[in-house]
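Working notes, beginning with the structure itself.
Derivation of every value follows stated rules applied to the coordinates shown; laboratory data play no part. The model shown is predicted, which means the values in this text are computed figures rather than measured ones. Cβ sites come from the backbone with ideal geometry, for glycine too, and all protein chains shown count toward neighbours.
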Amino acid sequence: MTQQTVMITGATSGFGEACAKLFAKHGWKLILTGRRQERLNNLQQQLGGAEHVHTCCFDITDRDAVERAFTDLPARFSAIDVLVNNAGLALGLEPAYETQLDDWEKMVDTNIKGLLYCTRSVLPNMINRKAGYIINIGSVAGNWPYPGGNVYCATKAFVRQFSLAIRADLLGTNVRVSNLEPGNAETEFSKVRFKDDDDKADKVYQGTIALSATDIADTVWWLVNTPAHVNVTTLELMPTQQANGPMAFYRE
Ligand code: NDP
Ligand code: 8X3
């Protein structure tokens, strides 16, 4: 079988990095993206060098940079079999009336617009080849609102509905789309959300067993290995120690 190619956005930590390591272990060619060049270089070195790993350092909110990264792909990496739209972030946990508008904008630009730029760039090639798989990393936050989740939850609800909607456009192309919706997972996610306040970030994982980045990579790998005629539309997973809360009420 010819060597397959996966593109993973946000491969410099967390889920993306774990996916990169797992796909590399199974002999796939990797296109890894992120803003931290040094981490991309280290991964390239660790996972087989330039022959197997192509790195693209860009800010996913920069539409021109994303489009350039796709047009400039070396021929060996240009047939992308799987795109893992993973790059994303939450910023802040304040109520909507106290939040920073800049944080809201950055979440929209990254989680929604960045994912759209990559999706739009990859699709023509997949459609021409009548094969391909886009795995979007959504979140339980797209299904279940929580205090302070406001725009983060809304961006992930967008990702869910976009994933479902484009499937309708892709009927007949063999291109598959899944929305993977993890619950609480221990990565750099909370460090980013709380802007390097390590105490706050650590508390998210204290006294509970969170999912690990490897759990998510294993699930992505499972999805990729489902038969070509099967499309898992959405897949929500949570740690055993997490569940949905009750409805919220204000009482006098
Ligand atoms: P991490 O913070 O560990 O990883 C986030 C990745 O996204 C990094 O590689 C980062 O790379 C990249 N990224 C963020 N902003 C940009 C940007 N502007 N341009 C390019 N790359 C960017 O978090 P996770 O691994 O946990 O998160 C991965 C995805 O999973 C996100 O979409 C997140 O919303 C989602 N998720 C996370 C959950 C969790 O509990 N951890 C649960 C459910 C979903 P760099 O900084 O180098 O640019
Ligand atoms: C990340 C999980 O619950 O912090 O998407 O929003 S949560």
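Evaluated with a Cβ-only charge set (Lys, Arg +1; Asp, Glu -1), the range 167-252 carries a dipole of roughly 280 debye about its Cα centre, given to the nearest 20. Under the simplified labelling scheme, the residue 116-residue 248 pair shows an inter-label distance of 2.7 nm, with each label point 7 Å from Cα along Cα→Cβ. In a reduced charge model with +1 at each Lys and Arg Cβ and -1 at each Asp and Glu Cβ, the chain shows a dipole moment near 900 debye about its Cα centre.
Which entries in the list 106/195; 156/195; 156/191; 21/203; 29/130 go over 22 Å, if you measure between the two C-alpha atoms of each? Distance filter (> 22 Å) returns 21/203. Other residues lying with their Cβ under 13 Å from the Cβ of residue 206 contribute a combined charge of -2, Lys and Arg counting +1, Asp and Glu -1. Rounded to the nearest 0.05, the FRET efficiency derived from the C-beta distance between residue 3 and residue 240 at R0 = 51 Å is 0.90.
Descending by average beta-carbon neighbour count within 10 Å, the peptides 185-192, 161-168 line up as 185-192, 161-168, the highest first. Taking every pair of distinct Cα atoms and averaging 1/r, then inverting, what Kirkwood hydrodynamic radius in Å comes out for the range 168-252? Result for the range 168-252 stands at 15.7 Å.
Sorting the segments 209-221, 118-130 by their residues' average number of neighbouring beta-carbon atoms within 10 angstrom, most packed first, yields 209-221, 118-130. Reported to the nearest whole Å, the Cα centre-to-centre distance from the range 4-37 to the range 211-243 is 16. Projecting label points 7 angstrom from Cα along Cα→Cβ for residue 46 and residue 231 puts them 3.4 nm apart. Label sites at residue 218 and residue 173, each approximated as a point 7 angstrom past Cα along Cα to Cβ, lie 3.3 nm apart. The share of Cα pairs per 5 Å bin across the chain, counted from zero up to the longest distance, runs 1, 6, 13, 18, 20, 17, 12, 7, 3, 1, 0, 0, 0, 0 percent. Sequentially through the range 69-74, phi angles give Karplus couplings (6.51, -1.76, 1.60; θ = phi - 60°) of 4, 6, 5, 8, 4, x Hz, Gly and Pro residues having no value and appearing as x.
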